[in-house]
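Just below is one structure, and these are the notes that go with it.
The values are calculated or read from the model by the stated rules, or taken from the named source; none is laboratory data. Please read all numbers here as calculations on a predicted model, not as lab measurements. Here the Cβ is made from the backbone with ideal geometry for all residues, glycine too, and neighbour counts use every protein chain on show.
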Amino acid sequence: MGKVVLTQRADSGYKDVVGSHYHFPKRYLRAAQEAVGDLCLFYEPRRAQGRLAYWAVAEISRVEPDLSLRDHYFAHLNNFLPFTDVVPLRAGSESFWETSLQKQDGSVSAGGMGHSVRRIPDLEFETICNAGFSEDLFRKPDEGRPGLSDPPTVFRRPMIEQLVSRRFRDAAFARIIRTTYDARCAITGLKLINGGGRAEMEAAHIRPVADDGPDSVRNGLALSRTVHWMFDRGLIAIDNDYRLLKSVKYLPEGYERLFDPSGYVRVPDSERLRPHKTFLEYHRDTYFKG
């Protein structure tokens, strides 16, 4: 096993589905196969107005050929999780997080940057992860309070143990969704703040975690508690144009007062942050009662 960095951009032309699988040509097959069972980082290059930054982590579960395209493969992902803070390519004005990308004179190595799948040492990987997640997310829950501690589980290394912890992932996912949607319900349009200054908004998975749904911002919505309940039970759904679909015969009287009169769901301006059609279609096909 060995960790790798996967380069991914929105207009790559590959058959990627963020949080589910990564598509790549044969020349990277060996590096991808060596990473099966280990973790990977996602890096977004500058092209197509990219962020030039590391932005997510995942586990590569298996590699399979693309049966419809010769000499191409899919790396299937588990435990995908975006960073709460994207990490710029450079650790500072002079250095890179990945030492293999830097020449002796301090300039960037074009050869290293040219690899869409590249190996990365454990220490450099862990340093990037620590920079990508808010420090408070790494704190252990108060073990003196019942219900806050995770059951003990044995993992290969501490970093993997942390990144697959449900408590850690739920906290990180909620923070990402809250920031992306400005703590505003995507369906009602309301932004409710309680007396303690906390947003009354829940981070909803479109394809549930129990159904192997990833903790990706593109598999998430900010929803008020009531609307979240309706969405999980299939009383409402969203089409690929972000139009709200309603199962009218199952909805309670007066339901229309909850929804944005436009008939559409509020989604982020950036395409990379909007709900992905793959997850919306799964929710409609599996849960929607319309």
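Quick rundown of the values:
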read-out	value
All positions within segment 23-41 that are buried (at least 16 other Cβ atoms within 10 Å of the Cβ) and assigned to a helix (DSSP H, G or I)	28, 29, 31, 32, 34
From the options 142, 71, 136, 122, residue that is among the charged types (D, E, K, R), more than 22 Å from residue 213 (Cβ to Cβ) and either crowded, with 16+ Cβ neighbours inside 10 Å or modelled with pLDDT of 95 or more (or both)	71
Residue match in segment 33-49 (condition: polar (S, T, N, Q) and at positive phi)	yes
Lone qualifier among 112, 92 - being surrounded by 15 or more Cβ atoms within 10 Å (Cβ to Cβ), over 23 Å from the mean Cα position of the chain (by Cα), at pLDDT 75 or above and not aliphatic (A, V, I, L, M)	112
Matching residues in segment 166-201 - criterion: being of a type in the set (S, T, N, Q) and at pLDDT 85 or above	179, 180, 188
Where residue 20 falls short, out of the listed (1) of a type outside the set (D, E, K, R); (2) surrounded by fewer than 21 Cβ atoms within 10 Å (Cβ to Cβ); (3) modelled with pLDDT under 95	(2)
Residue list for segment 37-56, filter: under 10 Å from residue 4 (Cα atoms) and not charged (D, E, K, R)	39, 40, 41, 42
Verdict on residue 63 being touching a Pro at 6+ places or on another chain (Cβ under 9 Å), β-branched (Val, Ile, Thr) and in a strand (DSSP E or B)	no
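Residues are listed down the side, and each one gets a yes or a no for (1) assigned to a loop (DSSP other than H, G, I, E, B); (2) without any contact (Cβ under 8 Å) to a residue 60 or more places away in the chain:
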site	(1), (2)
213	yes, no
218	no, no
230	no, yes
241	yes, yes
244	no, yes
280	no, no
284	no, yes
289	yes, yes
